[in-house]
Amino acid sequence: MKTNFFKAFVCLLLVGWATQALARPDARRMTCSAIQNLIKQQGSVVFTTGQYTWDTYVSDGRYCGRRSRTAPAKIPSSDKKKCVVNYQCRQNFNTDD
């Protein structure tokens, strides 16, 4: 009985850690400089930007797909309404590739 309880407890801990690891950082709760630093460190970050919105922001074009281009991006942060966060990847509609 104690073994089953211990196994269940360990499983709950693992699920909690996994959920926390998958959570997106919420840009609205971060300062602009913290957002910029995170993108610079990781290269590509998916941020929550609103109650039902999220998007990926990148440090440069290496993190975009072959048929994408970078576009300047601004998102709300805790200290600025429009924090400049380098780029977003946008689909390139030029089909001549």
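A few comments on the model shown:
- Restricting the chymotrypsin sites (Phe, Trp or Tyr not before Pro) of region 35-97 to loop positions (DSSP other than H, G, I, E, B) with no more than 11 neighbouring Cβ atoms within 10 Å leaves Tyr52, Phe93.
- Under the Karplus curve 6.51 cos²θ - 1.76 cosθ + 1.60, θ = phi - 60°, whole-Hz ³J(HN,Hα) for region 26-32, x wherever Gly or Pro sits: 8, 4, 5, 9, 10, 6, 4
- Amide H within-cut-off set for Asp26, under 5 Å, with H built and near neighbours excluded: Thr48
- In this view, the solvent-accessible surface of Val84, computed with a 1.4 Å probe and all protein chains in place, comes to about 80 Å².
- Sequence-separation-based contact order of region 27-97, relative, with Cα cut under 8 Å and 6+ spacing, percent: 33
- Neighbours of Phe47, meaning other residues whose beta-carbon lies under 13 angstrom from its beta-carbon, give a summed charge of +2 when Lys and Arg score +1 and Asp and Glu score -1.
- Cut-off under 5 Å, modelled amide H: who pairs with Trp54 long-range: Thr49
The values are calculated or read from the model by the stated rules, or taken from the named source; none is laboratory data. Everything numeric in this text was worked out from a predicted model, so none of it was measured. Positions of Cβ are backbone-derived with ideal geometry, glycine not excepted, and every protein chain shown enters the neighbour counts. These accessible areas exclude ligands, DNA and RNA; they are computed on the full protein's heavy atoms, side chains included. Shrake-Rupley method; radii C 1.70, N 1.55, O 1.52, S 1.80 Å.
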